[in-house]
Structures are given as C-alpha cells and as structure tokens.
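Chemist: One structure is given below, represented as structure tokens, and several questions about it will come after.
The values are calculated or read from the model by the stated rules, or taken from the named source; none is laboratory data. Small disclaimer: the values here were computed from a predicted structure and weren't measured. Glycine also receives a Cβ, built like all others from the backbone with ideal geometry; neighbour counts cover every protein chain displayed. Keep in mind that these areas ignore ligands, DNA and RNA; they rest on the heavy atoms of the full protein, side chains included. Shrake-Rupley method; radii C 1.70, N 1.55, O 1.52, S 1.80 Å.
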Amino acid sequence: MNMKSVRGLVPLFGLVGVTLLVAACGRGADDKSDKTSGKAATAVAELGSDPSLVKAGDNLGPIVKLGVVEKVPLSETLRVAGQVDFDEQRVARIGATVTGRVTELVAVLGQQVKVGDTLAVLNSTELGAAQLAYMKARAQAQLHRRNVERAQQLLAADVIGSAELQRRESELSISLAEQRAAADQLRVLGVSTQALERLTQDGKINSISPVVATLSGTVVERPVTQGQVVQPSDVIFTVADLSRVWVEAEVPEQQAASVRSGQNISVEIPSLGRSLTAKLIYIADTVNPVSRTVLVRSEVDNRDRSLKPAMLATVLIEGPPTERVVVPDAAVVRENNKDYLFVEVGPNTYRLTELVLGQSVGGKRPVIRGVTEGTRIVVDGAFHLNNERKRKELE
C-alpha cells in the first residue's frame, strides 16, 4: 500500500473510533440509568409488598408529628376492689342490761339519737328480784347496826362481855358487805346512782329497765320487735356515727410491699360517680391465706352522709416512681387486641411495629417490650396513618 492510501485511511479510522467511543458512552449512561431505575423500583416494590410499611403523602404531612421514645420516672397505679364500711371506733352495738320483755320500742331506723336517749323499755323480773335482794340486805344491815349500838350500851353497863359485842360487830360487817354487793349487782343491771338513791329512800321496787344510747349517731339496725324477750347477750340496736367511714380493700400480696401507711390514695364510688381523696390508716400485718391478699383501710369524711356502708368502691394506690421507657397514649394504635405504633424507617416512611405495654399512667404507657429508648416514632396522627396503610393494603 502506498503512502497516499495510508493517509486516506487515517481519517476513516478516527471517525470510526469516535463513533465507537460515543456508542460506549451512551451504553454506560443507559446502564447507570437502568441501575437507578432498578433501585427505585425495588424500593417501591418493597413498600408495596410489606403491609406494615406506609408512606405519608402530602395530605398527611401536616398531621403526622414525630417524637422519640423516652425514659421517665413513672408511678404505676394499683387498682383494687373495695367497699365502704363503718368506722368501728364510731359504732355502738347496744343490748339490754337485764333479761326482760320488750314493752316499748322508742327509736326507729334512721333516727338520730344522743348519748342517754331511751331507745326501748323492758319489763324485767330479774331486775325486780335484784332490787328486792338489795332492800333485804339493807334492812339486815340496819338491824345489825342497832344490835351493835345496843351491845355497846350493855357492855358499858357491864351486862354483857366484850365477846358479845365483837360477835355483833362481825354480823354488821357481813351485812354491810352483802348490801354493797347487792348495790353493785343493781349497777351491773343498769340501775343508775340516782335510781339507787331513790330506791334507798322510798323502797319502791321498779322492774322497768330502759335501754339507752351509749353513742350519739344514727340508728342503723334494730333487730328486735315489741314483746320479744331479750337477754344481755342480744344486740337490740346498732348506733353509728356516719360522719366518717372506712373504705377497705384487699391488695394482692405481690403488691403489698409498695403500699405504706399514711399514703394518699384515690377512691372511686361507681354508684355516685365520684372520686375522693383519702389516706391509708391501716395495713394488715397478716396475709389472708385464702385470697392471698392484705387488708388495707382508709378513712373518708362523710358529713354529707352520701357514702353508705357496703357500697362498692375502687381504690387506686399509686406506687413509688421508677425509671420506665414510655410512649404517649396518642402514639398507640389498637388493632386485633394488640398494641402497635409507627416507627420511622425513612423520610416520610413508617413501619407498623407491635409492642407490649402496661396500663396508662398520666397519658403515658410503659413499654414492656417492642421499642427502645431513643427510637423515632409517630406521636400524633397515628390513627390517620394507619387508615392510610389499610387503604394501600386494600389497593
């Protein structure tokens, strides 16, 4: 080949090379574009195939608000069933002091009474017999006193010896002791000092015995009827001061260690729709072997008489604060009897995550398992985000 032919081929080869280079560059750009498109397609495919993932569109942007899972001091509240009861220090169960028949019932249920008020009247042969025994002992003592006085005069006149005087003095001492014993028996049977003095003065036996109130309050029980024979062991009336009542509850022994005397608690009365503040005044020192619970008692003011003994109550006892991982109530989505929340996995992209939570305390739920401190989650708008997820899943 001559030089002229070679010089003619050089431009041709250069043109071919430029053409091949341009073609190669075009293929590289196409390959890069194909890879980018593939990644985007993979992400879209993943978002579409995973039902737990959801992307917040422009319509949800202003609604969804993010926050982080925090660890804060949290006091868990123990809820236990309880009931209203009498304050046993303000209850009097009143019975008869003698065996007798009820001749009159003065007090009725619900009546307000004061100390000393007559509640019922009894007719008692036992009381009459005790008064008669007292009068006999008193007469015997008076007789022996006169015998001693006469013996003293006879001894002074040297008619009798000192032994006779001593015998009569001994008889007087015995009769005085019997008189005192008879008087004490009347006091045991409910005879007042004034009534005993009247009996001593006029000597009239009275077998009528009143049943009187020993506490100011309300008559809440009267398990007796007119004409009924009662004994000292029988309860005829129950009088209670209802201006203050107890609320008692049974705390499981596992939680009893977190309860302390003097602690403020809340008491809910469902029948009244009221919530009260009370203070624990007593914690039992023993465990009920049947229910495995510990009795706790609180004191509640009841001057308006709205609380009735035996009313059902719910006692809320706040435990000591401990550091707990918590999430807001608004962040929790309830579905299929399980708790979920949305965890951020990318820009405007969230994953529905199952977790186990404790009871709500002050608008926060303690986390038992599922998320850790510092995780970014949706704290507001979770409900709308979950509806969007369901709509995408249906599509």
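Chemist: Looking at this structure, is Ile317 farther than 30 Å from Asn59 by Cβ and under 25 Å from the mean Cα position of the chain (by Cα)? Show your work before the answer.
Modeler: Working: farther than 30 Å from Asn59 by Cβ: yes; under 25 Å from the mean Cα position of the chain (by Cα): yes.
Judged against the criteria, Ile317 is a match.
Chemist: Scan segment 116-136 for residues that are surrounded by fewer than 20 Cβ atoms within 10 Å (Cβ to Cβ) and of a type in the set (Gly, Ala, Ser) and report the count. Quick ask: steps written out before the conclusion?
Modeler: Of all residues in segment 116-136, those surrounded by fewer than 20 Cβ atoms within 10 Å (Cβ to Cβ) come to 116-118, 121, 123, 125-126, 128-129, 132-133, 135-136.
Right, trim to of a type in the set (Gly, Ala, Ser) and you get 116, 128-129, 133.
Looking only at that region, the number is 4.
Chemist: For the structure I just gave you, tell me whether Ser266 is over 22 Å from Leu66 (Cα atoms), of a type in the set (S, T, N, Q), surrounded by 13 or more Cβ atoms within 10 Å (Cβ to Cβ) and modelled with pLDDT of 90 or more. First the steps, then the outcome.
Modeler: On the way: over 22 Å from Leu66 (Cα atoms): yes; of a type in the set (S, T, N, Q): yes; surrounded by 13 or more Cβ atoms within 10 Å (Cβ to Cβ): yes; modelled with pLDDT of 90 or more: yes.
The answer is yes for Ser266.
Chemist: Taking Thr214, is it within 30 Å of Thr125 (Cα to Cα), assigned to a strand (DSSP E or B), more than 17 Å from the chain's Cα centre (by Cα) and not charged (D, E, K, R)?
Modeler: On the way: within 30 Å of Thr125 (Cα to Cα): yes; assigned to a strand (DSSP E or B): no; more than 17 Å from the chain's Cα centre (by Cα): yes; not charged (D, E, K, R): yes.
When the stated conditions are applied, Thr214 does not pass them.
Chemist: Return the total of residues in segment 171-182 being touching a His at 6+ places or on another chain (Cβ under 9 Å) and either among the small types (Gly, Ala, Ser) or not in a helix (DSSP H, G or I) (or both).
Modeler: Filtering segment 171-182 down to residues touching a His at 6+ places or on another chain (Cβ under 9 Å) leaves 171-176.
Narrowing further to those that are either among the small types (Gly, Ala, Ser) or not in a helix (DSSP H, G or I) (or both): 173, 175.
Within segment 171-182, residues that are touching a His at 6+ places or on another chain (Cβ under 9 Å) and either among the small types (Gly, Ala, Ser) or not in a helix (DSSP H, G or I) (or both) number 2.
Chemist: Okay, moving on. Just checking, which of Val247, Val224 is open to solvent by less than 40 Å² (accessible area, probe 1.4 Å), of a type outside the set (D, E, K, R) and within 12 Å of the chain's Cα centre (by Cα)? Steps first, answer last, please.
Modeler: Details: Val224 fails: within 12 Å of the chain's Cα centre (by Cα).
Criteria check complete, one pass: Val247.
Chemist: Going through segment 196-211 one residue at a time, which ones are exposed (fewer than 15 other Cβ atoms within 10 Å of the Cβ) and in a helix (DSSP H, G or I)?
Modeler: Hits for segment 196-211 are Glu197, Arg198, Thr200, Gln201, Asp202.
Chemist: Something else now. Among (1) open to solvent by 60 Å² or more (accessible area, probe 1.4 Å); (2) assigned to a helix (DSSP H, G or I); (3) β-branched (Val, Ile, Thr), where does Val159 come up short?
Modeler: Val159 satisfies every listed condition except (2).
Chemist: In segment 350-383, what count of residues is obtained for those that are over 33 Å from the mean Cα position of the chain (by Cα), among the small types (Gly, Ala, Ser) and closer than 19 Å to Pro73 by Cα?
Modeler: The first filter runs over segment 350-383 and keeps only residues over 33 Å from the mean Cα position of the chain (by Cα), leaving 350-354, 371-383.
Next, only the ones that are among the small types (Gly, Ala, Ser) stay: 374, 381-382.
Among the residues that remain, those that are also closer than 19 Å to Pro73 by Cα are: 374.
Matching residues across segment 350-383 total 1.
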